[in-house]
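As structure tokens, the structure follows; a few thoughts come after it.
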Amino acid sequence: MRHRRIGPLAGAGLGLGLVAIASGQTHCFFPNGTDAFRTNPNGDFFPCEYPGFGMCCASLDDRCLGALCWSSTTNGLYRGGCTDPAWESEECLHLCTGGEYLEGDETKTPMDSRNVPVTQCTDGRYCCGNRTDVRSCCNGGGGFYVNGTTIRVAEGTGKRRRFRE
């Protein structure tokens, strides 16, 4: 199995090589099977890897960072879609994929039908949500860790996920 490394992600100082993959529009799906292009017909989605299944980001202004996406608009990370419509490929990042909505989300849009912001807590864990909305997750010991090439859910209930290089 090939692996992709995610190095330490440090707030605004992301001195990492963010590489844009400029390709044409592609089909990108959310965990519930919705074609992401239908939710934002004015936006382009591009694969982080090609060929084969893999994660995809929402805009050519954004960048793939391992299996996560970096938004230049919000200056934050998010879990994008996957090119596998069934999300059965091991290349689909199974984080922030539940049918519940994010804390503070007034639209009540389920996480399985959208791009989901991901924020780093002060102790290095990552939680699903915007910087202002992750307090209960960070303070309550929730979220997940990025350790080398493995992402581990803090509560120990989630899948481990390895990334291709």
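Read-outs: derived from the displayed coordinates by stated rules, not from any lab. None of the values given here were measured: they were computed from a predicted structure. FYI the Cβ positions are ideal-geometry reconstructions off the backbone, even for glycines, and counts take in every protein chain you see.
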### Backbone HN-Hα couplings from phi across segment 111-122 [Karplus 6.51/-1.76/1.60, Hz, Gly and Pro as x]
5, 7, 10, 6, 6, 10, x, 10, 10, 7, 7, 5
## Note on the structure
Expected vector for segment 58-74, Karplus 3J(HN,Hα) from phi with 6.51, -1.76, 1.60 and θ = phi - 60°, integer Hz, x for Gly and Pro, equals 8, 8, 5, 7, 8, 9, 7, 10, x, 9, 9, 10, 10, 9, 6, 6, 9
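Please arrange GLU91, GLU49 by counting, for each residue, the other beta carbons lying within 10 Å of its beta carbon, fewest first.
Numbers: GLU91 21, GLU49 16.
Lowest to highest Cβ neighbour count: GLU49, GLU91.
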### Task
Using amide H atoms built 1.01 Å from N in the peptide plane, name the residues 5+ places from VAL118, or on other chains, whose amide H lies under 5 Å from its own.
LEU77, TYR78, ARG79, GLY129
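Any chance you could run the full-extension gain for GLU88 through THR73? It's 0.36 nm times the residue separation minus the Cα-Cα distance, nm to one decimal. It would help to have the intermediate numbers written out before the result.
On the way: separation 15, 0.36 × 15 = 5.40 nm, distance 2.98 nm.
Answer, rounded to one decimal: 2.4 nm.
Calculate how large, on average over all directions, the projected area of the Cα convex hull of segment 49-136 is; give the answer in nm² to one decimal.
Numbers: hull surface 24.6 nm².
Hull-based average projected area comes out at 6.2 nm².
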### Query
Just the Cα atoms of segment 71-120, one point each, no solvent: what log10 I(q)/I(0) does Debye give at q = 0.13, 0.20, 0.22, 0.24 Å⁻¹?
-0.33, -0.74, -0.87, -0.99
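What ranking do MET111, MET55 get, fewest neighbouring Cβ atoms within 10 angstrom at the top?
Values: MET111 22, MET55 26.
Lowest to highest Cβ neighbour count: MET111, MET55.
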### Long-range HN-HN contacts of LEU65 with modeled amide H, under 5 Å
TRP70
